[in-house]
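S.K.: I have a structure I would like to understand better, so I am pasting it below and will then ask my questions one at a time.
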Amino acid sequence: MEAISINLGNMPIFDGHNDALTRLWLSDDPDPVHAFIHQRLAGHMDLKRCQQAGFVGGMFAIFLPPYAYVKQHHPNKLFDPRATDFSQQQIEQICLEQLNLAQQLAQRSHDIQICTSVEEIQRCRAQQKLAMVLHMEGAESLQHNPDLLDVFYQAGLRSIGPLWNRPSRFGHGLNAKFPHSPDTGAGLTVEGKAFLQRCADRKIVVDVSHMNERAFWDSVDILQQPIVATHSNAHALCPQARNLTDAQLKAIRDSQGMVGINFDVAFLRADGQRNADTPIDVILDHLDYMMDRLGEEYIGFGSDFDGALISTELEDVTGISKLIERMQQRHYSSELIEKLCWRNWLDVLNRIWL
Ligand SMILES: [Zn+2]
């Protein structure tokens, strides 16, 4: 008798954004790397569930969580409980620790690999390994010494969102308000523009997901490469400042760029509510809207797993199979589903990295 496959679908998934490394860094587990590889870990993803879901890989973010959040929920992670913010030295240390967690995952499991080319991702897909593309969400750790970019590059970093929702030497950052236009302040600083150029020179993906509108247009002016928003949605359907206007979508299409649809309910729902009791059809609504503006080539997933409040219906990474079912119900062809699930991401990475 043949073994029965537990694979929920044969469709490979490549995803634009997750915060699993930050979750591991925040974890109270004495060995979170072991837990990710061998156990079911609280959160949206671990190795076993990724394999079950056909989750080939994605962009794994190195991210500095807000100080107030860490202080409230993970005070044991603070270096000095009397301080009001992280020092620059601590910021750099936190990013290095998350980079090290990624390296440990790859070192301690034959089924996980840090990838720096589409060829490597394809090889992982064939060998059923989890492909990690290292991303940095907010480049505060590099703001005082951008030369350190090369240290991270050597370690495999191939994607950067220079700004997060806070000011840095590189720019004003985004004020994630609802309802609000993406125009929430000044754009990139002189240092920020030089940093973008530095990333572009190394063919690193520049992620505009957390840029306000002025920084977005600054980036469009500077970058000769495709414009990528790894985890953002349509502003017309959910007027959160983090989401993209039709004009921004057009600029992304014109650059042959990419948008990853964010599964966070607050960036999907028309009322912007953080309410997990949200049907997953709303993800399909954003997909449909985006495809009307971008075409079928420049859109995929950008789940924000482990960093988002997602629909209880979706639950975790294995819930992507339900999304695929809905796509079929909406009569998406299997060729289109394949593009949305992984091909488009690999194509845009090739356009930038090659
Ligand atoms: Zn984000």
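The values are calculated or read from the model by the stated rules, or taken from the named source; none is laboratory data. On a predicted model such as this, the values are computed, not experimentally measured, just so you know. For neighbour counting, all protein chains shown are included, and Cβ atoms are generated from backbone atoms with ideal geometry for every residue, glycine included. Quick note on the areas: whole protein, heavy atoms, side chains included, nothing else; ligands and nucleic acids left out. Shrake-Rupley method; radii C 1.70, N 1.55, O 1.52, S 1.80 Å.
S.K.: Based on the alpha-carbon set only, what is the convex hull volume of the chain divided per residue, in Å³?
M.R.: Working: hull volume 47.1 nm³, N = 354.
In the chain, the Cα hull volume divided by residue count equals 133 Å³.
S.K.: Just the accessible area per residue of the chain, please: how many Å² with a 1.4 Å probe? Walk me through the intermediate numbers first.
M.R.: Numbers: 14580 Å² over 354 residues.
For the chain, the solvent-accessible area averages 41 Å² per residue.
S.K.: Over the chain, with a Gaussian network built from C-alpha contacts below 10 Å, which listed residue (Asp147, Asp111, Asp218) shows the highest mean-square fluctuation?
M.R.: Top of the fluctuation ranking is Asp147.
S.K.: How do the peptides 84-90, 319-325 rank, highest first, by the average count of neighbouring beta carbon atoms within 10 Å per residue? List each step's numbers first, then the result.
M.R.: Details: 84-90: 12.9, 319-325: 19.4.
Highest-to-lowest ranking by the protection proxy: 319-325, 84-90.
S.K.: Can you list the HN-Hα couplings for segment 248-256, worked out from phi with the Karplus curve (6.51, -1.76, 1.60; θ = phi - 60°), rounded to whole Hz and with x for Gly and Pro?
M.R.: For segment 248-256, the Karplus curve yields 5, 4, 5, 5, 5, 4, 4, 8, 6 Hz.
S.K.: Moving on. Just the number, please: percent antiparallel of the DSSP beta bridges in the chain, rounded to the nearest 5.
M.R.: Numbers: 3 of 32 bridges.
Here the share of antiparallel DSSP bridges comes out near 10 percent.
S.K.: OK, next. Cross-chain or 8 or more residues apart, Cα under 26 Å: how many lysine pairs in the chain fit that? Count them up, please.
M.R.: 15
S.K.: Top mean-square fluctuation among Asn100, Asn212, Asn145, Gaussian network model of the chain, C-alpha springs under 10 Å?
M.R.: Asn145
S.K.: Under the rule of at least 5 residues apart or a separate chain, name every residue whose amide H is placed under 5 Å from the amide H of Val206.
M.R.: Ile160, Val228
S.K.: Another one. Which value at 222 nm does the chain reach when only helices count, each DSSP H run of 4 or more adding -39,500 (n - 2.57), with the total divided by all residues and rounded to the nearest 500 deg cm²/dmol? Present the calculation step by step, with values, prior to reporting the outcome.
M.R.: Values: 14 runs with 135 residues, N = 354.
Estimated from H runs of four or more residues: -11000 deg cm²/dmol.
S.K.: Can you list the HN-Hα couplings for segment 228-234, worked out from phi with the Karplus curve (6.51, -1.76, 1.60; θ = phi - 60°), rounded to whole Hz and with x for Gly and Pro?
M.R.: Result, ordered by residue: 10, 10, 6, 8, 9, 10, 8 Hz.
S.K.: Round to a whole number: what % of the accessible area of the chain belongs to carbon and sulfur, probe 1.4 Å? If you can, show how the numbers build up before the last one.
M.R.: Working: 7000 of 14580 Å².
Looking at the chain in its full context, I get 48 percent from C and S.
S.K.: Follow-up. Check which residues have an amide H placed less than 5 Å from Gly257's amide H, if you skip close sequence neighbours.
M.R.: Under 5 Å from the amide H of Gly257: Ile227.
S.K.: Quick check for me: using +1 on Lys/Arg Cβ and -1 on Asp/Glu Cβ, what's the dipole size of the chain about its Cα centre, in debye to the nearest 20? The partial results should precede the final answer.
M.R.: Numbers: 32 positive and 45 negative charges, 57 e Å.
Taking the Cα centre of the chain as origin, the dipole is about 280 debye.
S.K.: Taking the chain as a Gaussian network, Cα atoms linked when under 10 Å apart, which of Ala68, Ala241, Ala53 shows the biggest mean-square fluctuation?
M.R.: Ala68
S.K.: Report the accessible area of Met291, computed with a 1.4 Å probe over the heavy atoms of all protein chains in place, in Å² rounded to the nearest 10.
M.R.: Approximately 30 Å² of Met291 is accessible to the 1.4 Å probe.
S.K.: Show the residues, 5+ positions off or on another chain, whose built amide H is closer than 5 Å to the amide H of Ile114.
M.R.: Under 5 Å from the amide H of Ile114 lie the amide H atoms of Met132, each far enough along the sequence or on another chain.
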